[in-house]
Amino acid sequence: MAKTIQIELTERSCAAGLRYAQSHLSTPPKDAVICCEGMCLKGETARRAANLIAHKLVPDKAVRICHGGLLEAAGGMRDLVQRANRVLILDGCGMACATRLTKGAFPDLEPEVVFTDKLFEYDQDLFGVDEMSDSQISANARKVAEQVAEKYF
């Protein structure tokens, strides 16, 4: 099994993502928020927290970045990252998937990384999003988002 993977950037793009990016490119630069998009409980919590930060808690200071947009050859999300005041990554756990993907897309980038699983208490034997109530996942995400917003924004 390979120890590294190579991912080719694509010329394809998401029209809605490009419109979102373009709307933020017409405003002063913000902090870019990238997160774990894992399918597990920790990834779901990080994803919800990132969305709360960028869309509810500090939308005037933060812009949400899509993983897929990091893999486009040019424009959109990549432009938002390049002009960001700071890049903040919310990784759901120590596997640091979002950090590794972001560093693959931007090798010279020095992001600030927060491991969100350290910011709330839960049964660490749980894995799937179906193993905790949706309301509890949302409450945990809000707790994470509020702590991150207070510290970084």
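The values are calculated or read from the model by the stated rules, or taken from the named source; none is laboratory data. Keep in mind the model is a prediction, meaning the values are calculated, not measured. For neighbour counting, all protein chains shown are included, and Cβ atoms are generated from backbone atoms with ideal geometry for every residue, glycine included. Surface areas here come from the heavy atoms of the whole protein model, side chains and all, with no ligands, DNA or RNA. Shrake-Rupley method; radii C 1.70, N 1.55, O 1.52, S 1.80 Å.
Label-to-label distance for E121 and M39 is 3.1 nm, based on points extended 7 Å past Cα in the beta-carbon direction.
What is the log10 of I(q)/I(0) for the range 1-108, computed with the Debye formula using one identical point scatterer on each Cα and no solvent, at q = 0.13, 0.14, 0.20 Å⁻¹? At q = 0.13, 0.14, 0.20 Å⁻¹ the computed log10 ratios are -0.46, -0.54, -1.09.
For the options D60, D125, D79, a Gaussian network treatment of the chain with springs between C-alpha atoms closer than 10 Å singles out D125 as fluctuating the most.
Of the heavy-atom accessible surface of the chain (probe 1.4 angstrom), what whole percent is carbon and sulfur?
52
Find me the longest stretch of the chain that has none of the exposed trypsin sites (Lys or Arg not before Pro), where exposed means in a DSSP loop (not H, G, I, E or B) with at most 12 other Cβ atoms within 10 Å. The segment 13-153 is the longest one with no such site.
This model, with +1 at the C-beta of Lys and Arg and -1 at the C-beta of Asp and Glu, gives the range 23-103 a dipole about its Cα centre of some 120 debye. When you filter the GluC sites (Glu not before Pro) in the range 70-126 for DSSP loop state and at most 14 other Cβ atoms inside 10 Å of their Cβ, you are left with E121. Highest mobility in the GNM of the chain, judged by mean-square fluctuation with C-alpha springs under 10 Å and restricted to A96, A46, A73, is found for A73.
Applying 0.36 nm per residue to the separation of F106 and Q147 and subtracting their alpha-carbon distance, the gain on full extension is 12.1 nm. Working note: 222 nm ellipticity from helices only, DSSP H runs with n ≥ 4, each -39,500 (n - 2.57), summed and divided by the residues of the chain, gives -12000 deg cm²/dmol to the nearest 500.
Of Q136, T116, H24, which is farthest along the charge dipole of the chain in the positive direction, counting Lys and Arg as +1 and Asp and Glu as -1 at C-beta? Of the candidates, H24 comes out farthest on the positive side.
Within the range 34-70, what residues put their amide N at less than 19 Å from the label point 7 Å along the Cα-to-Cβ vector of E8? Of the residues in the range 34-70, 68-70 have backbone N under 19 Å from the label point off E8. Taking θ as phi - 60° and the Karplus parameters 6.51, -1.76 and 1.60, the scalar couplings of the range 21-37 work out to 4, 4, 5, 7, 6, 8, 10, x, x, 10, 7, 8, 10, 10, 8, 4, 10 Hz in sequence order, x denoting glycine and proline.
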